[in-house]
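S.K.: The structure that follows is given in the form of structure tokens.
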Amino acid sequence: MRHLTETDIRSSFVNCSKGEANRLGLPRDLAECPWDDLDFLGWRDPGAPERAYLVAEHDGHLLGLALRAASGAARGFTARSMCSVCVTTHTGGGVALMTARRTGEAGRQGNTIGQYLCADLACSLYVRGKQRTSAGRGFDETLTLDDKIARTRRNLTAFITMVTSSN
């Protein structure tokens, strides 16, 4: 992913108002992001942990989505959950149901799309082995790293398409 500026990020959001995009809390470590290892920029709002955001290249443009992490009882440390984007397994609260308000008329009517995502939105780093989960090694796959990255990008594109489609 290319290096993003605050202006790039704030102007990319498609499922919230410009005012909301201007008020959202940016990642504290934006300048230190490992851009070459990211398929998308994802973060939880430092001032409001139930809010999360992701910014990705989609159809040749930068696209940002505002997300809400579902609140609920914490799971036990033996329970495993899997991210639907990067297919990484986590224990405890490592995966969260995140919902995105749909764009257009559907969003104005309150319709949302939900996905189970890595709670810290560090999917790109998990896929590349740059960050480890508390679940340990996970399961063995025969896919190459390039195939895992491609799968992550396909899954992310499918989620973005569901949020932005007019149906």
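S.K.: Kindly indicate whether any position in region 98-112 is modelled with pLDDT of 95 or more, in a loop (DSSP other than H, G, I, E, B) and touching a Leu at 6+ places or on another chain (Cβ under 7 Å).
M.R.: Checked against the condition, which is being modelled with pLDDT of 95 or more, in a loop (DSSP other than H, G, I, E, B) and touching a Leu at 6+ places or on another chain (Cβ under 7 Å), region 98-112 yields no hits at all.
S.K.: If you scan region 9-30, which residues turn out to be surrounded by 10 or more Cβ atoms within 10 Å (Cβ to Cβ), more than 28 Å from Lys130 (Cβ to Cβ), free of Cβ contacts under 8 Å to residues at least 40 places away in the same chain and not hydroxyl-bearing (Ser, Thr, Tyr)?
M.R.: Hits for region 9-30 are Lys18, Asn22, Arg23.
S.K.: Could you list all residues from region 102-127 that are of a type in the set (Lys, Arg) and crowded, with 20+ Cβ neighbours inside 10 Å?
M.R.: Within region 102-127, just Arg102 meets the criteria.
S.K.: A further question follows. Under the condition of being touching a strand residue (DSSP E or B) at 6+ places or on another chain (Cβ under 9 Å) and modelled with pLDDT of 95 or more, which residue from region 127-157 is farthest from Met1 (Cα to Cα)?
M.R.: Within region 127-157, the match that is farthest from Met1 (Cα to Cα) is Asn155.
S.K.: Got at least one residue in region 97-120 being within 18 Å of the chain's Cα centre (by Cα), hydroxyl-bearing (Ser, Thr, Tyr) and farther than 17 Å from Ala56 by Cα?
M.R.: Yes, because at least one residue in region 97-120 is within 18 Å of the chain's Cα centre (by Cα), hydroxyl-bearing (Ser, Thr, Tyr) and farther than 17 Å from Ala56 by Cα.
S.K.: Here's something else I'd like to know. When the residues of region 138-167 are narrowed to those that are surrounded by 12 or more Cβ atoms within 10 Å (Cβ to Cβ) and of a type in the set (Lys, Arg), which ends up farthest from the chain's Cα centre (by Cα)?
M.R.: Residue satisfying both the conditions and the ranking: Lys148.
S.K.: Which is in contact with a strand residue (DSSP E or B) (Cβ under 8 Å, 6 or more places away or on another chain), at pLDDT below 95 and of a type in the set (A, V, I, L, M), of Ala79, Ala56?
M.R.: Within the list Ala79, Ala56, the selection yields Ala79.
S.K.: Just name the residue that is surrounded by the most Cβ atoms within 10 Å (Cβ to Cβ) out of those in region 31-44 that are under 20 Å from Arg102 (Cα atoms) and not hydrophobic (A, V, I, L, M, F, W, C).
M.R.: That would be Gly42.
S.K.: Within region 6-21, track down each residue that is modelled with pLDDT of 95 or more and of a type in the set (S, T, N, Q).
M.R.: Thr7, Ser11, Ser12, Asn15
S.K.: Further question: Part of a strand (DSSP E or B), at negative phi and in contact with a Lys or Arg (Cβ under 6 Å, 6 or more places away or on another chain), is that true of Ala66?
M.R.: no
S.K.: For Cys33, work out the one condition from (1) free of Cβ contacts under 8 Å to residues at least 60 places away in the same chain; (2) closer than 19 Å to Gly19 by Cα it doesn't fulfil.
M.R.: (2)
The values are calculated or read from the model by the stated rules, or taken from the named source; none is laboratory data. Because the structure is predicted, anything quoted here is derived from the model rather than measured. FYI the Cβ positions are ideal-geometry reconstructions off the backbone, even for glycines, and counts take in every protein chain you see.
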